[in-house]
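**Student:** Questions regarding the structure given below will be posed in turn.
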Amino acid sequence: MEIQQLVVAVILSSLIAIRAYKRKSLAGSGAIAGFLIMSGHIAIGYRFGALILVFFFTSSKLTKVGEDKKRSIDAEFKEGGQRNWIQVLANSGIAMVLLVVLGKLSGWQDKCLDSQESSLITCLIGGVIGHYACCNGDTWSSEIGMLSNGQPRLITTFKPVRKGTNGAVTTTGLLAAAAAGTVVGLTFVISGYFTTKCSSDVALKQLLVIPLAAIAGLGGSVIDSLLGATMQFSGFCTVRNKVVASPGPTVKRISGLSILDNNAVNLVSILLTTLLTAIACLYIF
């Protein structure tokens, strides 16, 4: 890890965190956690910094689109998103752990996906790709799907449900998830041509990351929806006239059990997608 890269990481991350706090994309605790996580990603590798920044900027932008409509649907709506430290860690903590291990194994050098050179490094890099494909896919799916005119359907039964129901999907939302994963894959491949040196055949094979990330984005969103429909409570509050995530005397149950909250659902779906993508990379690359 070069001192120059560490300085760039700290300066860039601090500027982004301050801007995000002022624009209400992050709460105070989220800005601090975001600064630390972003600094770590960029310091370990510019390519991994690119992944977290693409996820953060695209997700933050989509969160602010159609806020008036989302406010009328989402019982836990916050202007700009205002993600706290728990949400930041749920969406980037696993990747940070993987990157620290990856950095130590690779000597802090950016590597190509090549299981013949190192199967463990390939799995770790693949896990990070799957991680951010899932995060981006879930966010795009939720934010765009909520604005869709399509009828949401519960993923476990395909019955029509109200917008904002955990585990509800729309065709538009699922397509958005695949597109979000594709963006992550493109970011990884394009940035890699500037940060890594591989043989021509290995470099060409890196293009397979793009469809793999698209599948990871879609698959992660589906896993998240399955968990949301079964392990997370959804009910309709007749007083607030909104779908809520907690049972109560004025709440009519729609689906799910009160086992996981939204952060836990995100964490489990990210963990599973990370693991599956890491295994897939071992066989593909």
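The values are calculated or read from the model by the stated rules, or taken from the named source; none is laboratory data. Treat the numbers as computed from the prediction; the structure is a model and nothing was measured. Virtual Cβ from ideal backbone geometry, glycine too; neighbours counted across all protein chains shown. Note: areas computed on protein heavy atoms with side chains; ligands, DNA, RNA excluded. Shrake-Rupley method; radii C 1.70, N 1.55, O 1.52, S 1.80 Å.
**Student:** Residues of region 88-121 with backbone nitrogen within less than 13 Å of a virtual label 7 Å along the Cα-to-Cβ line of S199, please, listed as ranges.
**Tutor:** Only 114-118 pass the distance filter.
**Student:** Okay, next question. What is the gain in length, in nm to one decimal, between K69 and I284 on full extension, counting 0.36 nm per residue of separation less the C-alpha to C-alpha distance?
**Tutor:** 73.2 nm is the gain from fully extending K69 to I284.
**Student:** Keeping the other protein chains in place, figure out the carbon and sulfur percent of the accessible area of region 163-275, with a 1.4 Å probe.
**Tutor:** Here carbon and sulfur together make up 69 percent of the probe-accessible area.
**Student:** For the chain, what does the helix formula give at 222 nm: sum of -39500 (n - 2.57) over DSSP H segments with n ≥ 4, over the residue count, nearest 500 deg cm²/dmol?
**Tutor:** Result for the chain, helices only: -23000 deg cm²/dmol.
**Student:** Students often check this: by mean Cβ neighbours within 10 Å, which of 148-161, 16-29 ranks highest, and how do the rest follow?
**Tutor:** Descending packing order for the listed peptides: 16-29, 148-161.
**Student:** Label-point separation (nm) for D261 and V10, each offset 7 Å from Cα along Cα-to-Cβ?
**Tutor:** Output for this residue pair reads 3.4 nm.
**Student:** Over every pair of different alpha-carbon atoms in region 99-162, take the mean of 1/r and invert it; report that Kirkwood radius in Å. It would help to have the intermediate numbers written out before the result.
**Tutor:** Numbers: mean 1/r = 0.0684 Å⁻¹.
Taking every pair of different Cα atoms in region 99-162, averaging 1/r and inverting gives 14.6 Å.
**Student:** To continue, here is another question. I'd like to compare 42-52, 125-135: which one has the highest average count of other Cβ atoms within 10 Å, and what's the full order after that?
**Tutor:** Order by mean packing, descending: 125-135, 42-52.
**Student:** Sticking with this structure for a sec: Pop out the Kirkwood hydrodynamic radius of the chain from its pairwise C-alpha distances, inverse of mean 1/r, in Å to one decimal.
**Tutor:** Final number for the Kirkwood radius of the chain is 19.2 Å.
**Student:** If you don't mind, another one. If you project the alpha carbons of region 165-285 onto their three principal axes, what span does each projection cover, largest first, in Å?
**Tutor:** So the three principal-axis extents are 64, 24, 21 Å.
**Student:** Once each part is reduced to its C-alpha centroid, what is the distance from region 242-285 to region 1-35 in angstrom?
**Tutor:** Answer, in whole Å: 27.
**Student:** With every protein chain left in place, what is the accessible area per residue of the chain in square angstrom, probe 1.4 Å?
**Tutor:** 47 Å²
**Student:** Springs between alpha-carbon pairs under 10 angstrom, Gaussian network model over the chain: which of N166, N262, N136 fluctuates most?
**Tutor:** Greatest mean-square fluctuation among the candidates belongs to N262.
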